[in-house]
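Structure, as structure tokens:
Values in this text are rule-based calculations from the coordinates and carry no lab data. Predicted model only: the values in this text are computed from it and were never measured. Every residue, glycine among them, receives a Cβ derived from its backbone with ideal geometry; neighbour counts consider all protein chains shown.
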């Protein structure tokens, strides 16, 4: 497994485990220059993204990952990930299918953070 | 509409129209450093990607785009696009849902090309 694939795998597990257990703890993954597109609503910057995630209209959520693929970006500066999955919210019995694209890049200290995050529920 | 959104919209229309009418004409969108992940199979470089697309086991294909979203990448160097859609192949009556992530970047001459392309059929 290439290094970017190992990083992607670890990130995807961490992201959804955190989302499902305590999504306010996702905040450190976003920085000032981060962008989130959530069902066509675009939000920029870590604090606004954390607020958007916290305000989503459900209490309980459980993601199931059906597939994910990753590729390095130009110069190995980042990692692009496409996740396809399903999620259950609150007491809902029918899973909602979704696709989500991330780009991880490194900050000056060498820590990975989310520059791009696009989430789409599938019709 | 921001410039990256206009580029993304034009690209998505061009890509799927070309794919559905004559997919060998997609070859100029890929360069030596391009990557395609197609249902977990990873192919690198324009000629190998063109060969992979040409060898897909169907004659006729029709993509329907259900949604697409785009974001700029660090420094505005690229554009990330997440498309969700459905496709019909040959005489098949049941559409297959898919998600696809692209990253467009500019070559030294200023022309956009596909650095990253990840295609996933959805279960």
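Could you tell me which of rounded, prolate or oblate describes the stretch A:23-123, using a ≥ b ≥ c as the square roots of the eigenvalues of the alpha-carbon gyration tensor, with rounded for a/c under 1.5 and, failing that, prolate when a/b is larger than b/c and oblate otherwise?
Note, shape of the stretch A:23-123 comes out oblate.
Under a plain spin-label model, where a point goes 7 Å from the Cα along Cα-to-Cβ, how far apart in nm are residue A:54 and residue A:20?
The two pseudo-label positions are separated by 2.4 nm.
Which whole-angstrom value gives the distance between the alpha carbon centres of the stretch A:37-68 and the stretch B:26-86?
Between the Cα centres of the stretch A:37-68 and the stretch B:26-86 lies a distance of 26 Å.
Where in the stretch A:83-118 is the amide nitrogen less than 13 Å from a point lying 7 Å along the Cα-to-Cβ axis of residue A:32?
The answer is A:108.
Applying 1/(1 + (r/R0)^6) with R0 = 35 Å to the Cβ-Cβ distance of residue B:66 and residue B:113, what FRET efficiency is obtained, to the nearest 0.05?
Once the sixth-power term is evaluated, E becomes 0.90.
I need the shape label for the stretch B:1-78. Rule: rounded when a/c is under 1.5, else prolate if a/b > b/c, else oblate, with a, b, c from the alpha carbon gyration tensor.
Oblate shape, in that a/c is at least 1.5 and b/c is the bigger or equal ratio.
At 7 Å along Cα-to-Cβ for each site, give me the label-to-label distance between residue A:6 and residue B:40 in nm.
Between residue A:6 and residue B:40, the label points sit 2.2 nm apart.
How far, in degrees from 0 to 90, does helix B:3-22 lean away from the longest principal axis of the Cα atoms of chain B, to the nearest 10?
30
With a/c under 1.5 counting as rounded, go ahead and sort the stretch B:41-99 into rounded, prolate or oblate using the C-alpha gyration tensor (a ≥ b ≥ c being the square roots of the eigenvalues; past the cut-off, prolate if a/b is larger than b/c, else oblate).
Judged from the Cα gyration tensor, the stretch B:41-99 comes out oblate (a/c at least 1.5, b/c at or above a/b).
Would you mind telling me the antiparallel percentage of the DSSP bridges in the stretch A:5-123, rounded to 5?
85
State the antiparallel share, in %, of DSSP beta bridges confined to the protein assembly as shown, rounding to the nearest 5.
Rounded to the nearest five, the antiparallel share is 85 percent.
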